[in-house]
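Student: One structure is given below, represented as structure tokens, and several questions about it will come after.
The values are calculated or read from the model by the stated rules, or taken from the named source; none is laboratory data. Here the structure is a predicted model, which is why all the values come from computation and not from measurement. Every residue, glycine among them, receives a Cβ derived from its backbone with ideal geometry; neighbour counts consider all protein chains shown.
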Amino acid sequence: MMGKVCIVTGSNSGIGKETALALTGMGATVVMAVRDLQRGEDARAEIIKRTGKDTIDLMICDLSSIKSIQQFVGEFSAKHERLDVLINNAGAACHERQVTENGLERSLAVNYLGPFLLTRELLPLLERSAPSRIINLSSGLHTRAKIDFDDIQSERNYKGMRAYETTKLMFLMYTYELARRLEGTGVTANVVLPGFVATNLGANMGGLRNKIMFKLVRPFQISPQKGAETSVYVASSPELEGVTGRCFAESQERLSSEESYDESVQKRLWDIAESLLGL
């Protein structure tokens, strides 16, 4: 990864921080795209201490804000002439329905629409830097999701876990559509299912039922470092050069849910994203 420039969103904690740490240790220049500046600075300092390398930068990017995403892309493009790897790692799980400054349901914004826009804005740089890679983190919980196209923003019936599962399915299906649209450009797009990782994501779900569930499964969770291994593998492995439109878990190719391969739904989700983002 020497000489490679990588962006990792949501890299101030959990899987994202461990991914940024591993890539930095491999010699890459890593840009941590984070929402919380102080937590980001703390994570960056820890990575520098653990790797002995200072080739890691920190920039603000709030994926719930269209303005923040556009500002990030402008600032990144002014600093860097290339982008070899974009890892859309950040995610959100909200117990109660929240609406962003752009009028979008927060889980939908952070888990799908924000990364959609960020990727779109960075595509020219990715294409100029080809061969380059896009890695989108979904969740094994996508297999439980059903998309309600009549209530895409969960205005009528919001449940936090269901919103998380559904938006992760949307993001996964978008990745397959993105891979098709990028054929011939030298830019690949793949999905990573990191596994059930011990992060603070579940803490935001609230509710007695969710708290009990997360407590029961805690002994079976894997560490953030272990959860980051597949992201690092898909970002760096020479054997995956040119491989696109695939799903990976435990550093191996895996099938996602049967429903996720429906190309008509993939295209529909793409159109919905463009409409909601005003593109």
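Student: For the range 84-101, check the following and say yes or no: at least one residue is touching a residue at least 24 places away in the same chain (Cβ under 8 Å), farther than 25 Å from Gly195 by Cα and outside any loop (DSSP other than H, G, I, E, B).
Tutor: There is no residue in the range 84-101 that is touching a residue at least 24 places away in the same chain (Cβ under 8 Å), farther than 25 Å from Gly195 by Cα and outside any loop (DSSP other than H, G, I, E, B).
Student: While we're looking at this one, here's another question. If we scan the range 164-173, do we find a residue that is under 24 Å from Gly14 (Cα atoms), at pLDDT 95 or above, basic (Lys, Arg) and part of a helix (DSSP H, G or I)?
Tutor: yes
Student: Looking only at the range 241-257, filter to residues that are free of Cβ contacts under 8 Å to residues at least 60 places away in the same chain and touching a helix residue (DSSP H, G or I) at 6+ places or on another chain (Cβ under 7 Å); which one of those is surrounded by the most Cβ atoms within 10 Å (Cβ to Cβ)?
Tutor: Phe248
Student: Tell me whether the range 235-249 contains one or more residues that are modelled with pLDDT of 95 or more, touching a Gly at 6+ places or on another chain (Cβ under 7 Å) and closer than 24 Å to Ser132 by Cα. Full working, then the answer.
Tutor: Step one: of the range 235-249, the residues modelled with pLDDT of 95 or more are 235-249.
Restricting the remaining residues to those that are touching a Gly at 6+ places or on another chain (Cβ under 7 Å) gives 249.
From what is left, the residues that are closer than 24 Å to Ser132 by Cα are 249.
The answer is yes, given that some residue of the range 235-249 is modelled with pLDDT of 95 or more, touching a Gly at 6+ places or on another chain (Cβ under 7 Å) and closer than 24 Å to Ser132 by Cα.
Student: Kindly list the number of the only condition in (1) modelled with pLDDT of 95 or more; (2) not in a helix (DSSP H, G or I) that fails for Gly195.
Tutor: Gly195 satisfies every listed condition except (1).
Student: On the basis of being closer than 26 Å to Arg82 by Cβ, at pLDDT 95 or above and in contact with a strand residue (DSSP E or B) (Cβ under 7 Å, 6 or more places away or on another chain), does Ala228 make the cut? Walk me through how you get there before you give the answer.
Tutor: Numbers: closer than 26 Å to Arg82 by Cβ: yes; at pLDDT 95 or above: yes; in contact with a strand residue (DSSP E or B) (Cβ under 7 Å, 6 or more places away or on another chain): no.
Spelling it out, it is not the case that Ala228 is closer than 26 Å to Arg82 by Cβ, at pLDDT 95 or above and in contact with a strand residue (DSSP E or B) (Cβ under 7 Å, 6 or more places away or on another chain).
Student: Tell me, yes or no, whether the range 141-162 has at least one residue that is in contact with a strand residue (DSSP E or B) (Cβ under 8 Å, 6 or more places away or on another chain), over 21 Å from Phe76 (Cα atoms) and outside any loop (DSSP other than H, G, I, E, B).
Tutor: no
Table: residues versus (1) more than 17 Å from Glu274 (Cα to Cα); (2) among the basic types (Lys, Arg); (3) out of contact with any His (no Cβ under 8 Å at 6 or more places or on another chain); (4) crowded, with 17+ Cβ neighbours inside 10 Å.
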residue	(1), (2), (3), (4)
Leu137	yes, no, yes, yes
His142	yes, no, yes, yes
Lys146	yes, yes, yes, no
Ser154	yes, no, yes, yes
Gly160	yes, no, no, yes
Tyr164	yes, no, yes, yes
Leu178	no, no, yes, yes
Arg181	no, yes, yes, no
Thr185	yes, no, yes, no
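Student: Quick check on this structure: which one of Ile7, Ile47 is under 22 Å from Thr175 (Cα atoms) and either β-branched (Val, Ile, Thr) or part of a loop (DSSP other than H, G, I, E, B) (or both)?
Tutor: Working: Ile47 fails: under 22 Å from Thr175 (Cα atoms).
Residue meeting the stated conditions: Ile7.
Student: Quick check on this structure: which one of Ala93, Ala45, Ala130 is under 16 Å from the mean Cα position of the chain (by Cα) and not basic (Lys, Arg)?
Tutor: Ala93
Student: Which condition number does Arg128 fail, the rest of (1) buried (at least 16 other Cβ atoms within 10 Å of the Cβ); (2) touching a Leu at 6+ places or on another chain (Cβ under 9 Å) being met?
Tutor: In the conditions (1) buried (at least 16 other Cβ atoms within 10 Å of the Cβ); (2) touching a Leu at 6+ places or on another chain (Cβ under 9 Å), Arg128 misses (1) alone.
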